[in-house]
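So that we are looking at the same thing, I have put the structure below in structure tokens.
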Amino acid sequence: YGLIDGEWQQLDYATPGFENSDAGYTAYLASRSVENSPIKITEVMAANAMTITDPEGGYSDWMEVANVSGEDYDLSGCGLSDDAADPLKWRFPDVTLKAGQSLVVFCSGRASAYSGEGPLEADFKLPSSGMAAVLSDASGRMMDSVSLDEAPTDWSYAREYQSGAPSDTWALTSQPTPGYPNTADGFAAFVQANPFSAGDIIISEVLCSNNQIDFNGSKSDYIEIENRGAEAVNLSGYGLTNDAGNPAKFRFPDITLQPGGH
């Protein structure tokens with residue numbers, strides 16, 4: 001409630017320290033924001049199924065922040081959140097982000113202690129829809145924020161890069177680059193640094209629109225797998241899927257695939 005023209009009225013917004021008007025609300029928001037913030041949120045993934053693992057080996061959602069200034073920045077006490085009303089939901093430990101450097105924070109929901117090295121984990125998780133990402137300074141003033149729609153599994157929202165630096169334009173991408181610039185070169189560098197270990201059992205052929213090959217009276221689509229190793233492998237419990245969010249949609253029965261077998 002606020003006093004407007006001598007009368008108490010219910011307000012749609014709060015303006016502590018400023019006049020009870022639209023202009024006062026704008027001024028209040030400006031007072032709670034950091035102008036030309038040196039730290040930006042540069043990428044967000046809220047449905048990580050197989051992109052990158054967290055410190056526990058799981059696939060937590062994550063946010064990436066980057067230092068877009070020319071000087072090192074002490075993140076100690078700064079906050080990350082999924083709620084603008086609670087900007088300090090999780091605080092950074094004693095971490096300094098060097099000029100031009102980016103940093104990935106896993107939103108695992110675990111309150112893990114930080115030893116001074118290794119990945120960071122925030123004690124909240126990102127919602128799958130109506131996603132918000134908020135970055136604030138140690139006093140709770142907003143440094144950066146973005147509201148995003150639901151994204152497919154293993155797709156991220158990322159700031160597009162212009163002239164080698166993050167811009168204010170966001171795009172949904174199937175080529176996430178956690179810890180690297182949001183560019184084609186950044187994606188190539190991420191893949192090179194995080195190779196997917198396929199092991200001896202690989203997918204060797206896929207036919208997604210079969211209208212020629214007859215399988216016992218049915219022209220089904222198919223996936224072929226191969227054992228490229230030197231030992232027989234029992235496939236019991238292995239999974240096959242067309243949805244990264246459900247990696248074991250089909251589980252193999254008790255079948256052994258011999259070396260070189262398909």
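The values are calculated or read from the model by the stated rules, or taken from the named source; none is laboratory data. Treat the numbers as computed from the prediction; the structure is a model and nothing was measured. Cβ atoms come from the backbone with ideal geometry, glycine included; neighbour counts cover every protein chain shown. Just the protein is used for accessible areas: all its heavy atoms, side chains included, with ligands, DNA and RNA removed. Shrake-Rupley method; radii C 1.70, N 1.55, O 1.52, S 1.80 Å.
Once the mean 1/r over all distinct Cα pairs of the stretch 152-199 is inverted, what Kirkwood radius in angstroms do you read off?
For the stretch 152-199, inverting the mean 1/r across all distinct Cα pairs yields 11.4 Å.
Now for a different question. Could you tell me what % of all Cα pairs in the stretch 1-160 have separations over 21 Å?
Taking all Cα-Cα pairs of the stretch 1-160, the fraction more than 21 Å apart is 50 percent.
Right, next: What figure in square angstrom, to the nearest 10, would you give for the accessible area of Thr153 with a 1.4 Å probe?
Accessible area of Thr153: about 50 Å².
What accessible surface, in Å², does a 1.4 Å probe find on Phe187, ignoring ligands, DNA and RNA and rounding to the nearest 10?
Ignoring ligands and nucleic acids, Phe187 comes out at about 50 Å².
Do any chymotrypsin sites (Phe, Trp or Tyr not before Pro) in the stretch 1-89 lie in a DSSP loop with no more than 11 other beta carbon atoms within 10 Å, and if so, which?
Loop-located and lightly packed - Tyr1.
Another one. Once you compute Rg and the Kirkwood Rh from C-alpha atoms, what is the Rg to Rh ratio for the stretch 81-229?
Reported Rg/Rh, Kirkwood definition of Rh: 1.10.
How much accessible surface does Thr256 have with a 1.4 Å probe, in Å² rounded to 10?
Using a 1.4 Å probe on the heavy atoms, I get roughly 70 Å².
Using a 1.4 angstrom probe on the protein heavy atoms only, line up Lys98, Lys89, Lys219 by accessible area, largest first.
Descending accessible area places them as Lys98, Lys219, Lys89.
Send over the per residue convex hull volume for the stretch 165-235, Cα only, as a whole number of Å³.
Cα convex hull per residue, to the nearest whole number: 170 Å³.
Provide the gained length on full extension for the span Ala23 to Asp168, in nm with one decimal, where the gain is 0.36 nm per separating residue minus the Cα-Cα distance.
Extra length from Ala23 to Asp168 when fully extended: 49.7 nm.
Next question, about the same structure. Of Glu117, Glu226, Glu205, which has the most accessible area with a 1.4 Å probe, and how do the rest follow in descending order?
Result of the area sort, largest leading: Glu117, Glu205, Glu226.
Which FRET efficiency value, to the nearest 0.05, do you get for Tyr238 and Glu150 by plugging their Cβ-Cβ distance into 1/(1 + (r/R0)^6) with R0 = 45 Å?
In this case the efficiency is close to 0.90.
Moving to a separate point now. Which lysines, if any, have their Cα less than 21 Å from the Cα of Lys89, not counting same-chain residues under 8 positions apart?
Candidates past the 8-residue exclusion: Lys40, Lys125.
Let me ask something additional. Over the stretch 76-162, what per residue volume does the convex hull of the Cα atoms give, in whole Å³?
118
Rounded to the nearest 500 deg cm²/dmol, what is the calculated helix-only ellipticity per residue at 222 nm for the chain, with -39500 (n - 2.57) per DSSP H run of length n ≥ 4?
-2000 deg cm²/dmol
Please list Ile39, Ile213 from largest to smallest accessible area, probe radius 1.4 Å, with all protein chains kept in place.
These residues rank, largest area first, as Ile213, Ile39.
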